[in-house]
Amino acid sequence: MFFSAEAAIAGDIVIIGNKYLAESSLKKQDLRDIFLGKKTGWSDNKKIIFVIQENPTVTVQFLKNYVHKSATQYASYWKEKVFTGKGTPPKSFSSDKDLIEFVARTEGAIGYVSSVNGLDTVKTLRIE
């Protein structure tokens with residue numbers, strides 16, 4: 001089932017996933033764990049591929065609302081993960097359009113955008 005984009009908005013942030021994701025909603029803690037690289041698989045055992053925005057306004061708001069880190073803290077977190085060999089930072093995109101296109105064509109992908117426009121090729125996820 002697809003939820004309306006309005007249901008997924010939290011302060012102008014829309015959480016999107018590949019339209020074939022088994023999930024239609026996520027708990028806030030699961031979303032946080034995904035973007036920290038702690039949750040790596042979906043309920044159907046498909047690999048989670050999470051991507052972020054290069055747009056600082058959108059990213060700062062997403063990180064504050066869901067990951068509970070500043071942009072600097074998030075960057076430091078991933079630098080440490082890479083340095084210790086415990087993780088690979090998420091791929092980033094310069095626009096909503098590019099991120100949506102990636103999520104639409106990549107099985108298991110999840111990301112966030114700042115607009116409800118152009119979401120017909122992806123699934124909007126409700127955050128509980």
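The values are calculated or read from the model by the stated rules, or taken from the named source; none is laboratory data. Quantities reported herein were computed from a predicted structural model and do not represent experimental measurements. Cβ atoms come from the backbone with ideal geometry, glycine included; neighbour counts cover every protein chain shown.
Observations on the model:
- Pairs linking a residue in region 104-116 that is farther than 10 Å from Ile16 by Cα to a residue that is in a loop (DSSP other than H, G, I, E, B) and at pLDDT 95 or above, with Cβ atoms under 6 Å and 6 or more positions apart or on different chains, are Gly108/Lys46; Gly108/Ile48.
- Of the candidates Lys86, Lys64, Lys97, the single residue that is of a type in the set (D, E, K, R), over 25 Å from Val122 (Cβ atoms) and not in a strand (DSSP E or B) is Lys86.
- Those residues of region 32-61 which are without any contact (Cβ under 8 Å) to a residue 40 or more places away in the chain and either of a type in the set (Val, Ile, Thr) or not in a loop (DSSP other than H, G, I, E, B) (or both), in sequence order: Arg32, Asp33, Thr40, Gly41, Pro56, Thr59, Val60
- Restricting attention to region 95-118, the residues that are touching a helix residue (DSSP H, G or I) at 6+ places or on another chain (Cβ under 7 Å) and surrounded by fewer than 20 Cβ atoms within 10 Å (Cβ to Cβ) add up to 3.
- Test: residue in region 18-31 that is charged (D, E, K, R), free of Cβ contacts under 8 Å to residues at least 60 places away in the same chain and part of a loop (DSSP other than H, G, I, E, B): no
- Note on region 103-122: residues that are over 12 Å from the mean Cα position of the chain (by Cα) and not small (Gly, Ala, Ser) total 9.
- Every residue from region 31-76 that is among the acidic types (Asp, Glu), surrounded by fewer than 16 Cβ atoms within 10 Å (Cβ to Cβ) and either touching a Cys at 6+ places or on another chain (Cβ under 9 Å) or more than 19 Å from Phe102 (Cα to Cα) (or both): Asp44
- Condition check for Ser92: outside any helix (DSSP H, G or I), loosely packed, with under 15 Cβ neighbours inside 10 Å and touching a strand residue (DSSP E or B) at 6+ places or on another chain (Cβ under 8 Å): yes
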